[in-house]
1. So which residues in region 93-121 are surrounded by fewer than 16 Cβ atoms within 10 Å (Cβ to Cβ), touching a Ser or Thr at 6+ places or on another chain (Cβ under 9 Å) and free of Cβ contacts under 8 Å to residues at least 24 places away in the same chain?
2. What single numbered condition from (1) closer than 20 Å to Arg18 by Cα; (2) touching a strand residue (DSSP E or B) at 6+ places or on another chain (Cβ under 8 Å); (3) surrounded by fewer than 17 Cβ atoms within 10 Å (Cβ to Cβ) fails to hold for Phe130?
3. Just to be sure before I move on: is Ala124 touching a Lys or Arg at 6+ places or on another chain (Cβ under 9 Å), of a type in the set (Gly, Ala, Ser) and in contact (Cβ under 8 Å) with a residue 24 or more places away in the chain in the structure I sent?
4. Which residue out of Asp77, Asp50, Asp81, Asp57 is exposed (fewer than 14 other Cβ atoms within 10 Å of the Cβ), under 19 Å from Gly34 (Cα atoms) and out of contact with any strand residue (DSSP E or B) (no Cβ under 7 Å at 6 or more places or on another chain)?
5. Restricting attention to region 37-47, which residues are of a type outside the set (Gly, Ala, Ser) and either loosely packed, with under 13 Cβ neighbours inside 10 Å or out of contact with any Leu (no Cβ under 6 Å at 6 or more places or on another chain) (or both)?
6. Restricting to region 60-74, give me the number of residues that are polar (S, T, N, Q), surrounded by fewer than 17 Cβ atoms within 10 Å (Cβ to Cβ) and in contact (Cβ under 8 Å) with a residue 40 or more places away in the chain.
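We did not get these values from a lab; they are worked out from the coordinates using the rules stated. None of the values given here were measured: they were computed from a predicted structure. Positions of Cβ are generated from backbone atoms using ideal geometry, with glycine treated the same way; all protein chains shown enter the neighbour counts.
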Amino acid sequence: MKKVNSSVMPIELENQERTILILDQDVELLKKLGKEIVNSYPSYQVLACDNDVDFQDELINQRVSIFIIEINKSSSDKDLDLIRSIRSNPLYNKTALMVMATREVLEVHSRFLETMTVELVPKAIRLPFFMGILQSCINRENTVEIETIELLTGDMLFKEGDSPEKIY
């Protein structure tokens, strides 16, 4: 296959429910973030969970557009396993994922997080900084990469059973 043209363009996802799923043990922060996100992005619903069980339930029941996950020092192994499972799921391996943690936790797990393609947010952040990173994730969610390819006689574009990662 020969790639002829590639570009990125915004798309409108009208009539499609968009969900931001947040996991953080700080209930007051969840309320603050949820209120700000809903006010700034009314086309998104915000589901905020303060425990892994509720988060996993919502993950099963919702199609998530953006994940926001806190890595807590006391449960970091479990939190990292959750991030790993999200990234290994074909449905979510390219979904925007923001990780919040203290600087200490981010430094300890920086190598792992780099491999997971996440946006890192220090826990002691100011709301405008957080919202700026969220805006970047929303912009990325609302774009689609267009690739034009040239096929030669006998080349196969896709076959039955291929992962549905592209639209043809």
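1. Asn93, Lys94
2. That leaves (3) as the condition not met.
3. Answer is no for this residue.
4. On inspection, the qualifying residue turns out to be Asp57.
5. Correct list: Ile37, Val38, Asn39, Tyr41, Pro42, Tyr44, Gln45, Val46.
6. 1
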